[in-house]
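Only one structure is covered here, and it is reproduced in the block below.
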Amino acid sequence: MIKKNDKLTVEIENVTAKGFGIARVNDFVLFTEGAITGDKLLVRVLKVKPRYGYGKIEKIIRSSPHRIESPCLVSEKCGGCQWQNCDYNAQLGFKKDIVKDALARIGGVTDAPVADCIGMDVPQPYRNKAVFPVVPDGDGFAIGMYAPRSHRIIPLEQCMIQHPAHVPVLKAISAHMKKYKIRPYDETLHKGVVRYIVVRTSLATGEVMVVLVVNGNGIPQEEELTTALTEAGATTIIINRHREKNNVVMGSGFRVVSGEGFIRERIGGIWYQLSAPSFFQINPVQTEVLYKIAVEMAGLDGSQAVMDAHVGVGGVALQAASLAKEVIGVDIVADAISDAEKNAEINGITNARFICGACEDVIPKMLVEGEVIPDVVFLDPPRKGCENALLDALITANVKTIVYISCDPATLARDIKRLGDGGYKLTAAQPVDMFPMTGKVEVCCRLVRE
């Protein structure tokens, strides 16, 4: 019987979407952080459940042929990415396997038509947005990334996957907090000022948005900080008021301190205006690849009515508009819908309209009332996947084609099973590497009514 602190010699068979290596000891599954397919390792067991557990590498007995020396100085401590120690081409192969495994194991699609994962010519840096927690650290504070499965911060002096504009912003804020002895937010005491720093950068324009999430209405010596951040490259600075006792990143109150309060990004010939609370993909290069695939899977010829659930700031909807008869986008975030409407106007798109509301409420009602019966529906939900009410409404309405974009193969597979039980067949699945150096993968799937 395997117990905590046992040391086991294991061979890593494959990897998970969270970046763990998987080994099997009889019927017991051991997940090991930092392990790569092909490794032979001595592993110390850290945590034991009835049928699985977690371990830590004590010694590499035989390195995987995919293992490389990490170019990042803190990759073994930081939770930002898991595979700096892995050959990039191998990562792409792992991600294809992760998608295939989820579709078979959870979705029941054993012969899923999964294509090779599309990677990047230059896989890092790629992140255009990051959220940096600010936490107490002794008598001072720490800004950086969380260590895996902890609230311990790894200070960020440089980052291989972040846009280079992000680190100077953090340094300017850190210097300001030290100079004026500004305290970080303490979640146990509900005291302190600075909670998070959110930085978003445009690849197309070089614009940099900085959002200071604070436990209050502002930050001391705000004008001086604004000058320092502008010198560090920020083009717009926003204060987000967040006084709730929770771990949600941003609160509901926004105040523009300088600049226009948004940045602009260009994807596939379409300009997107991005406000602070609006969701947008974090990898602009691969977003263009993903959107092109999604529109191609839709098979648009100008005659179809298209619906985009979880539309965000316009995303796929605006890419599809020129090839569709009409486009309707739905999203629960009011700021995102406002951005989507502005983006349609900016790009001269007149056949798209947007509705604010929960997709699982708005879309079923529209379908039942016959307001529109779309030929194609794009689904691009958050990590938790789609609500059953939405999927069931699409099944009942006999929508011809569904193009499902997902950042989580497990919830994608779960939803595809429900759609499959409702009469849809998965005809294509294209993984796209939006998140190099991590186990995460984006997938675009086409489902057609049988």
In region 244-261, the residues that are outside any strand (DSSP E or B) and either surrounded by 14 or more Cβ atoms within 10 Å (Cβ to Cβ) or touching a Lys or Arg at 6+ places or on another chain (Cβ under 7 Å) (or both) = V249, M250, G251, G259, G261
request  = Considering only region 166-225, state which residues are open to solvent by 10 Å² or more (accessible area, probe 1.4 Å), within 16 Å of K129 (Cβ to Cβ) and assigned to a loop (DSSP other than H, G, I, E, B).
outcome  = L203, A204, T205, G206, E207
query = What is the one condition in (1) open to solvent by less than 10 Å² (accessible area, probe 1.4 Å); (2) in contact with an Asp or Glu (Cβ under 8 Å, 6 or more places away or on another chain) that W271 does not satisfy?
reply = (1)
query = Any residue at all in region 83-94 that is part of a loop (DSSP other than H, G, I, E, B), at positive phi and surrounded by fewer than 16 Cβ atoms within 10 Å (Cβ to Cβ)?
reply = no
message = free of Cβ contacts under 8 Å to residues at least 60 places away in the same chain and touching a strand residue (DSSP E or B) at 6+ places or on another chain (Cβ under 8 Å): which single residue out of E360, E265, E326 fits that description?
response = E326
ask   = What about S338, is it out of contact with any strand residue (DSSP E or B) (no Cβ under 7 Å at 6 or more places or on another chain) and assigned to a loop (DSSP other than H, G, I, E, B)?
value = no
ask   = Would you pick out the residues in region 109-140 that are over 28 Å from F94 (Cα atoms) and open to solvent by 40 Å² or more (accessible area, probe 1.4 Å)?
value = P136, D137, G138, D139
task = Of all residues in region 296-335, count the ones that are among the hydrophobic types (A, V, I, L, M, F, W, C), assigned to a strand (DSSP E or B) and closer than 19 Å to P381 by Cα.
result = 6
ask   = Can you pull out the residues in region 34-56 that are in contact with a Leu (Cβ under 9 Å, 6 or more places away or on another chain) and part of a strand (DSSP E or B)?
value = L41, L42, V43, R44, V45, Y52, G53, Y54, G55, K56
key: Hits in region 282-294 (condition: touching a strand residue (DSSP E or B) at 6+ places or on another chain (Cβ under 8 Å) and either part of a loop (DSSP other than H, G, I, E, B) or not polar (S, T, N, Q) (or both))   = I282, N283, P284, E288, V289, L290, Y291, I293, A294
ask   = Mind checking whether some residue in region 65-76 is buried (at least 17 other Cβ atoms within 10 Å of the Cβ), modelled with pLDDT under 95 and within 23 Å of R105 (Cβ to Cβ)?
value = no
ask   = Is it the case that some residue within region 382-404 is within 21 Å of L300 (Cα to Cα), open to solvent by less than 20 Å² (accessible area, probe 1.4 Å) and part of a loop (DSSP other than H, G, I, E, B)?
value = yes
task = Just one of (1) open to solvent by less than 70 Å² (accessible area, probe 1.4 Å); (2) over 28 Å from P431 (Cβ atoms); (3) assigned to a strand (DSSP E or B) trips up R264, so point out which.
result = (1)
note = Conditions (1) in contact with a His (Cβ under 7 Å, 6 or more places away or on another chain); (2) acidic (D, E); (3) farther than 27 Å from L274 by Cα -> D415 fails only (1)
inquiry  = Just to be sure before I move on: is V376 of a type outside the set (K, R) and open to solvent by less than 10 Å² (accessible area, probe 1.4 Å) in the structure I sent?
reply    = yes
query = Hey, among A352, A340, which residue is aliphatic (A, V, I, L, M), buried (at least 21 other Cβ atoms within 10 Å of the Cβ) and farther than 22 Å from A276 by Cα?
reply = A352
remark   = Across region 283-296, the tally of residues that are in contact (Cβ under 8 Å) with a residue 40 or more places away in the chain, open to solvent by less than 20 Å² (accessible area, probe 1.4 Å) and out of contact with any Leu (no Cβ under 8 Å at 6 or more places or on another chain) stands at 5
query = Scanning region 17-26 for residues that are surrounded by 15 or more Cβ atoms within 10 Å (Cβ to Cβ) and in a loop (DSSP other than H, G, I, E, B), which turns out modelled with the lowest pLDDT?
reply = G19
ask   = Yes or no: C444 open to solvent by 10 Å² or more (accessible area, probe 1.4 Å), within 25 Å of G314 (Cβ to Cβ), in contact (Cβ under 8 Å) with a residue 24 or more places away in the chain and within 19 Å of the chain's Cα centre (by Cα)?
value = no
ask   = Restricting region 363-373 to residues that are outside any loop (DSSP other than H, G, I, E, B) and open to solvent by 30 Å² or more (accessible area, probe 1.4 Å), which is nearest to E442 (Cα to Cα)?
value = K365
query = Looking at Q319, is it polar (S, T, N, Q), closer than 26 Å to F262 by Cβ and modelled with pLDDT of 95 or more?
reply = yes
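The values are calculated or read from the model by the stated rules, or taken from the named source; none is laboratory data. What you see is a predicted model; the values in this text were computed from it and never measured. For neighbour counting, all protein chains shown are included, and Cβ atoms are generated from backbone atoms with ideal geometry for every residue, glycine included. Surface accessibility is based on the protein's heavy atoms, side chains included, excluding ligands, DNA and RNA. Shrake-Rupley method; radii C 1.70, N 1.55, O 1.52, S 1.80 Å.
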